[in-house]
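Just so it is clear, none of the values below were taken in a lab; they were calculated from the coordinates. These numbers were taken from a predicted model, which means no experiment stands behind them. All Cβ positions, glycine included, derive from the backbone under ideal geometry; neighbour counts span all protein chains shown.
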Amino acid sequence: MAKKIRIEVKDFIDDAGRIVLTPIGTVHSPIDEKSENLPFQSFSSDVEGTIELKPEFELGLEGIESFSHLFIIFYMHRNRKVKLKTVPLLEEEERGIFGTRSPSRPNHIGVSTVRLLSREGGKLKVKGLDVFDGTPVLDIKPYVPKVDLVQGVDNEWLVKKLDKINSMDEEQRDRIQRHLRGE
């Protein structure tokens, strides 16, 4: 018989229409503001770290080991900027924030896709982090290609930009890192 545990989760919409969420855990990673190489997307990251769930949520991890990749939904707690338009990295033309991957969003919610390396109790060892140490985790979902991989997506401009970044020399990458650190 399945073990039933009652959890009091304090997520709600208040009278002013604000959504209040309870983090389920925390990211432990070597990435901080002083890091030399800040990954700017999880696909380009080899950074390993741990997602540690609060004990009351550990039961929710049962069966997660059967997935190789996970979506980590998190709150970008270190970013206080909000912009509705921005100039994306390596571009000159301004775009609306919802047409970019910029962290300066109205709700500071981020999503990363990581590889699950192992699970030990309420701790998930993962690879591919692009998230600061101490980041609050809001949710974890398994990546399921049949459901999550959309065919025929038109994002050629972004693919070209990512290819350009991958082919850059060290000096150009250093310039990007300074930009990411706000220098």
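The residue list His69, Gly99, Leu124 was ranked by how far each Cα lies along the charge dipole of the stretch 23-145 toward its positive end, using unit charges on Cβ atoms, and Gly99 comes out on top.
Listed by Cβ neighbour count within 10 Å, with the fewest neighbours leading, Met76, Met168 appear as Met168, Met76. Ranking of Leu162, Leu53, Leu124 by neighbouring Cβ atoms within 10 Å, starting from the fewest: Leu162, Leu53, Leu124.
Sites listed here are GluC sites (Glu not before Pro) in the stretch 60-112 whose DSSP assignment is loop and whose Cβ has at most 15 other Cβ atoms within 10 Å: Glu62, Glu91, Glu92, Glu93, Glu94. Legend: residue pairs Lys34/Lys141; Lys34/Lys164; Lys127/Lys164, Cα-Cα distance threshold 28 Å; pairs beyond threshold, Lys34/Lys141. The distance from the alpha carbon centre of the stretch 62-133 to that of the stretch 10-31 is 15 Å, rounded to a whole number.
Computed about the Cα centre, the dipole magnitude for the stretch 23-145 is approximately 360 debye when only Lys and Arg (+1) and Asp and Glu (-1) carry charge, each at its Cβ.
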